[in-house]
Amino acid sequence: MRNLTLALFTAILLFTFKTPVFSQTSIEISQALTSNSRDAGAGAHFHYLFENPRFTTPVQELDFDGSGQGKFRFQRKDSDEIVNKLALSSEVLSQLQLLFDDLNFLASSENYQHKKDFSHLGNMTITYSRAGKERTVKFNYTDNQSMNRLSEIFRNIVTQETRVFELEAVLQNDPISTPAQLRFLESELKSNHIADPRRFEPILKTIKLDEGVPLIARNHAERLLQMIRKGK
């Protein structure tokens, strides 16, 4: 009986001391994986430029690093250039990174331009650099699915940041126009032309609580918040 008691006591001691070690090791591995993932994108840099002199906004440009920090620049005809800070979510960055990897972009020599010239649609210039390597491509239309999806995400970021700019501008200078801007935003959300819908949560919360904004806009802002949270 005494030997059985001693054996049970020894087993309890072993379990007690081993459990924290296992837990600590799991945390360290998790932290190492997270750190490696962060380091992998740390040296990346992304640049997108759209140009079409026929459009009302002939120049649209994105420039940001692997952390999503950068700038959004655009210029409308007969207007001053606008440059705003840009901060992209990790989800959007992951989508871009996966597509560049899928294309093997830095090692590839593929010409993404379609055999037909669609320069009337505007020209896109995409530059990507990582680990000391850099490549730039320019085209106006492509039938490469991954590159098409990549350029679509860049366009959606432009649409997103343009709408943020417009909403902030009307809130500051013309609150009565807020309902129209929210209708534009709802249409862009439903047509999947926004890269990261959650980008609008802070400004929609501000609109919802701003008594200087028409009631119809405050109610609309609440509906859009619910739509974004539900992922619709």
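Might you let me know whether segment 179-188 holds any residue that is farther than 26 Å from GLY70 by Cβ, among the acidic types (Asp, Glu) and modelled with pLDDT of 95 or more? Yes, there is a match, as at least one residue in segment 179-188 is farther than 26 Å from GLY70 by Cβ, among the acidic types (Asp, Glu) and modelled with pLDDT of 95 or more. The lone criterion from (1) crowded, with 16+ Cβ neighbours inside 10 Å; (2) assigned by TED's automatic domain parsing to the domain that holds GLN75; (3) without any contact (Cβ under 8 Å) to a residue 40 or more places away in the chain left unmet by SER109 is number (1).
Evaluated against (1) at pLDDT below 95; (2) basic (Lys, Arg); (3) in the same structural domain as LYS138 (by TED's automatic domain parsing), LYS18 falls short on exactly one condition, (3). For segment 33-50, the count of residues that are modelled with pLDDT under 50 and of a type in the set (A, V, I, L, M) is at least one. Looking across segment 152-184 at every residue that is in contact (Cβ under 8 Å) with a residue 60 or more places away in the chain and under 27 Å from SER109 (Cβ atoms), the one that is surrounded by the most Cβ atoms within 10 Å (Cβ to Cβ) is identified as ILE157. From the list LYS138, LYS133, the one residue that fits, being under 20 Å from GLU51 (Cα atoms) and of a type in the set (D, E, K, R), is LYS138. Within the bounds of segment 74-91, is there any residue that is at pLDDT 95 or above, loosely packed, with under 13 Cβ neighbours inside 10 Å, under 17 Å from ARG155 (Cα atoms) and of a type in the set (S, T, N, Q)? Scanning segment 74-91, I find no residue that is at pLDDT 95 or above, loosely packed, with under 13 Cβ neighbours inside 10 Å, under 17 Å from ARG155 (Cα atoms) and of a type in the set (S, T, N, Q), so the answer is no.
The values are calculated or read from the model by the stated rules, or taken from the named source; none is laboratory data. The structure displayed is predicted, hence computed values, not measured ones. Counting neighbours? That spans all protein chains shown, and the Cβs are built from the backbone with ideal geometry, glycine included.
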